[in-house]
Amino acid sequence: MQIVLFDPSYRDQLLPLVFTKSVAKLRVGGFCIDEKWNKVYNSIAGILTQKYLQPLYTTIEKNADYLYINGSVCPNNILIEEINQLDSNQALFLDENLIAFKLKSLLELDEIHSLKFNENIQTASSPNIVQKPWHIFKMAGSEIESDLELFQLNKIESSNLKEKNTVFGNQLFAHHSVKAQGCIFNTESGPIYLGPNTEVMEGSIIRGPFFLGEHSTVKLGAKIYGPTVIGPHCKVGGEISNSVLHAYSNKGHDGFMGNSVLGEWCNLGADTNTSNLKNNYSKVSVYNYVSNKIEITDEQFCGLIMGDHSKTGINTMLNTGTVVGVSSNIFGGDFPPKFIKSFYWGGKEGVAFKIEKAFEVAEKMMARRNVSLTDIDRQILRHIYQIEQD
């Protein structure tokens with residue numbers, strides 16, 4: 001059976017994080033959502049997403065039975081059992097949200113959201129479903145623990161690290177290639193996992209739940225509060241609390257970042273600070289791409305939501321609930337706007353960041369990690385540039 005992960009009808013609520021990727025490629029916990037389902041079914045899931053993004057993904061095999069799963073839904077044991085019991089043309093829902101269904105034909109994305117099924121079944125499970133960007137950091141703790149179980153990473157013995165560091169609790173799990181000494185790991189509030197070829201430099205203090213993706217580095221004297229996820233090929237330092245970095249992003253210097261989500265290829269300049277709590281302790285307001293307005297949320301804590309390829313300059317100050325689109329470069333001595341469109345250049349007063357200049361910056365940053373900006377990447381960025389300039 002071919003597994004197909006599809007973008008949900010509320011996909012646009014997850015902008016700017018999904019401007020450049022399918023919803024299933026969001027990192028929720030230690031792994032992206034598609035990686036979790038690939039592990040569950042021991043196969044590579046097909047992905048149905050927006051037409052301009054579809055060239056990123058392998059063509060879905062035809063002439064097969066199909067299991068369609070909402071790409072914003074994270075697996076759990078009860079949900080997996082319910083999905084496996086579905087018959088063809090039966091669908092699983094959580095309230096009004098379509099979770100999964102089986103069908104003997106391959107559909108287009110727009111066909112999925114208008115389907116009528118022979119039977120609609122309400123799930124008895126309570127899966128984590130990502131419907132807003134801040135759900136990613138709110139679900140980080142439970143998904144770290146779930147991922148360690150799913151990928152059996154909580155079976156790793158880390159006695160060598162315990163000899164070189166101060167460790168509280170018994171939930172430190174580290175790949176044998178990890179470098180760390182002179183650090184403090186507190187796992188009494190949740191597990192800490194350190195992936196292959198990672199390094200935690202001297203003086204760092206980490207409180208779980210915490211997940212460090214492969215080839216990532218925690219720099220000297222960092223202070224990290226869980227639940228926090230650092231994706232692969234990242235560098236982090238300073239003070240971080242309950243945040244998620246997707247792959248190839250950096251917050252390498254002093255400065256505070258809390259309750260935030262960074263996309264891929266982002267960089268926060270030295271002493272960039274994100275406010276995650278309003279001075280009057282009221283609910284945080286955040287820009288909504290669907291309504292095109294800044295709206296009050298139910299959240300008291302929310303820092304920065306930043307799309308791929310965006311960056312801040314030295315000493316940048318970001319207000320509570322700041323949203324930054326794709327390929328923006330933010331700098332200046334005053335607070336920039338709470339909502340910053342894609343391809344923005346400047347601070348409080350900014351101008352459009354020319355697309356060719358954005359390509360040039362992306363190419364230089366990616367080359368530092370021996371990664372190339374592909375023709376497909378350029379097409380996607382051009383598409384975003386066009387719709388954001390309208």
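Report the full-extension gain for the segment residue 131 to residue 188: residue separation times 0.36 nm, less the Cα-Cα distance, to one decimal in nm. Spell out each step's value before the answer.
Details: separation 57, 0.36 × 57 = 20.52 nm, distance 3.00 nm.
Additional length available on full extension: 17.5 nm.
Note on the chain: with a GNM built from Cα contacts shorter than 10 Å, the maximum mean-square fluctuation among 311, 278, 341 falls on 278.
The distance separating the Cα centre of the range 46-80 from that of the range 89-111 comes to 11 Å.
If you plug the beta carbon distance of residue 59 and residue 176 into 1/(1 + (r/R0)^6) with R0 = 22 Å, you get a FRET efficiency near 0.05. Entry note, the range 2-122: relative contact order of 28 percent, from Cα contacts under 8 Å with a spacing of 6+ residues.
In the chain, a dipole from Cβ-located charges (positive for Lys and Arg, negative for Asp and Glu) runs towards its positive end, and of 380, 10, 316 it is 316 whose Cα lies farthest in that direction.
For the chain, what is the charge dipole size about the Cα centre, in debye to the nearest 20, if Lys and Arg each add +1 at the Cβ and Asp and Glu each add -1 at the Cβ?
Details: 36 positive and 42 negative charges, 189 e Å.
Around 900 debye, computed over the chain.
Rounded to the nearest 500, what is the chain's calculated 222 nm mean residue ellipticity when only DSSP H runs of at least 4 contribute -39500 (n - 2.57) each, over all residues? Dividing the helical sum by the residues of the chain leaves -5000 deg cm²/dmol. In this rough spin-label picture, where each label sits 7 Å from Cα along the Cβ direction, the residue 114-residue 379 distance is 2.5 nm. Hey, in the GNM for the chain with a 10 angstrom Cα cutoff, which one of 243, 310, 126 fluctuates hardest? Its mean-square fluctuation being the largest, the pick is 126.
Quote the charge dipole size of the range 3-81 about the Cα centre in Debye, to the nearest 20; the model charges only the Cβ of Lys and Arg (+1) and of Asp and Glu (-1). All intermediate terms of the calculation are to be shown ahead of the outcome.
Numbers: 8 positive and 7 negative charges, 49 e Å.
That gives a dipole near 240 debye.
Relative contact order of the chain, taken over Cα pairs closer than 8 Å and 6 or more residues apart, is 11 percent. Residue order for 246, 175, 113, 233, fewest other beta carbons within 10 angstrom first, comes to 113, 175, 233, 246.
Once you've got the GNM for the chain with C-alpha springs shorter than 10 Å, pick whichever of 344, 41, 66 has the biggest mean-square fluctuation. The residue that fluctuates most here is 41.
Need the full-extension length gain, residue 104 to residue 291, defined as separation in residues times 0.36 nm minus the C-alpha distance. One decimal, nm. If you can, show how the numbers build up before the last one.
Details: separation 187, 0.36 × 187 = 67.32 nm, distance 3.64 nm.
Once the chain is fully extended between residue 104 and residue 291, it gains 63.7 nm.
Over 18 Å between Cα atoms, which of 51/357; 311/341; 219/251; 25/357; 293/341; 311/338 qualify? The answer is 51/357; 25/357. The modelled label-to-label distance for the pair residue 277/residue 300, using points 7 Å beyond Cα in the direction of Cβ, is 0.8 nm.
No lab work stands behind these numbers, since they all come straight from the coordinates. Since this is a predicted model, take the numbers as computed values, not measurements. Glycine gets a Cβ as well: all are built from the backbone with ideal geometry, and neighbour counts include every protein chain shown.
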